[in-house]
1. Could you work out the helix-only [θ] at 222 nm for chain A, with each DSSP H run of four or more residues adding -39,500 (n - 2.57) and the total divided by the number of residues, to the nearest 500 deg cm²/dmol?
2. 7 Å along Cα→Cβ for the label point: how many nanometres lie between A:ASN55 and each equivalent label in the other copies, listed shortest first?
3. Starting from the Cα gyration tensor of segment A:96-150, take the square roots of the eigenvalues, sort them a ≥ b ≥ c, and report rounded, prolate or oblate (rounded when a/c is under 1.5, otherwise prolate if a/b is larger than b/c, else oblate).
4. Of all the stretches in chain B, which is the longest one without any exposed loop site, taking GluC sites (Glu not before Pro) in a DSSP loop (any state but H, G, I, E, B) with at most 15 other Cβ atoms within 10 Å?
5. Using a cut-off of under 20 Å, list every residue of segment B:124-166 whose amide N is near the label point 7 Å from the Cα of A:LYS119 along the Cα-to-beta-carbon line.
6. Enumerate the amide H contacts of A:ALA112 below 5 Å, restricted to partners 5 or more residues apart or on another chain; note that Pro and chain-start residues carry no placed amide H.
7. I want the local charge near A:MET95. Using Cβ-Cβ distances under 13 Å, sum +1 for each Lys or Arg and -1 for each Asp or Glu among the other residues.
8. How crowded by other chains is B:164-175, given as the mean number of beta carbons from other chains within 10 Å of each beta carbon?
Number of protein chains: 2
Amino acid sequence: MEKKISDKVISRLTLYHCILDDYIVDNIEFISSKQIATLLKIDDSQVRKDINILNNSGKCRVGYIVKELKKSIEKTLGFAKKKNAFIIGAGNLGMALAKYDNFTNYGLNIIALFDNDKKKIGGTINYKMVLDIEKLPNLARKTNVDIAILTVPKAFAQSTADFLVKANIKYIWNFAPVVLNVPDDVQVWNENLMGNFLQFTYNI
Amino acid sequence: MEKKISDKVISRLTLYHCILDDYIVDNIEFISSKQIATLLKIDDSQVRKDINILNNSGKCRVGYIVKELKKSIEKTLGFAKKKNAFIIGAGNLGMALAKYDNFTNYGLNIIALFDNDKKKIGGTINYKMVLDIEKLPNLARKTNVDIAILTVPKAFAQSTADFLVKANIKYIWNFAPVVLNVPDDVQVWNENLMGNFLQFTYNI
């Protein structure tokens, strides 16, 4: 049984991973908890506590071994476990996500985009095909994909979610500013952009 | 002195606000904590606790008065306080955010987009101009804008952030998967998409 890691820790570990990526690009071998903490403006005791969860062996006198620490994070967060997903909506946001470099590094594999706009269907974005939304149920069944990234306009979000639920999609990563009404066996992650903005700027 | 509200509460209140928006569209007058809780798959005691923070007066026998509750949330989270911002990068993500309907409702006012691509400069997206990034420092000074939404590709994120810091930008809402190195007086909110995805799909 895997140890459950809290959402906040997962979020921070992903950011440490970004930092380690940059260190590798710059050919830097070691990193200290203080260096990570300074970049993220958090306490270095927090960083050490998070890293302790990893069973990371790459600790030495001058800090952590960058490559080892990166591997530990990837192992703990399950980057190697490939998760296939569809993007629903080939508008600007859907296209941006289809082009997002980092997805595959983190185990997220975009199989295809779906839209109902005849002008978009048949095109490709970053080597991924844009397919007719009507073809989704069949393709979901054949490929066993149950993750959908929902980027349609607000007004179509609920009806599209209903359609996805019928197609046996079990995980909806929702970018529309709408709270979706879905059955209990379907999970929704709301990418609550306005909530984030309000948190960020609350004290301005 | 305003009461500090935790990030989690701000995030949930924003989602309640989305639900209330839908109720208003559907002409529904009352809402119960149970209805909100069911949609978000959280505990209704949590919903009541959050709403108690608002000093909301619109409570009655059949639940909360939708319009009153919506107003209370807007007041508490400061929707009326207009915050001007620039979008940096007029790619797919920048365009998607420029078109994002909800921003203005929440007090976020996009003044303009900036890019260094001559083909994009001079265009408009959702009635907002795309300007030469070189013009940002001058416009930031003239308009007193100190919030930037950073949507440039990963490889240009740090150098663009350095440029923004020099132009006296104090708040960077960062959509690039990079941890930015900025001075202490500059705040960064990392829109950590991969972290969110990993949290969402951790148990798959």
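Every number here is computed from the coordinates shown, using simple stated rules; none is lab data. From a predicted model like this one, the values you see are computed outputs, not experimental measurements. Neighbour counts run over all protein chains shown; Cβ positions are idealised from the backbone, glycine included.
1. Values: 8 runs with 85 residues, N = 204.
-12500 deg cm²/dmol, from helical runs alone.
2. 5.2
3. Details: a/c = 2.29, a/b = 1.21, b/c = 1.90.
Judged from the Cα gyration tensor, segment A:96-150 comes out oblate (a/c at least 1.5, b/c at or above a/b).
4. After excluding every exposed loop site, the longest remaining stretch is B:30-204.
5. Hits in segment B:124-166 for A:LYS119 at 20 Å: B:124-128.
6. For A:ALA112, whose amide H was placed from the backbone, the distant partners under 5 Å are A:ILE87.
7. Numbers: positive: A:LYS99, A:LYS120, A:LYS128, B:LYS99; negative: A:ASP115, A:ASP117.
In short, +2.
8. 1
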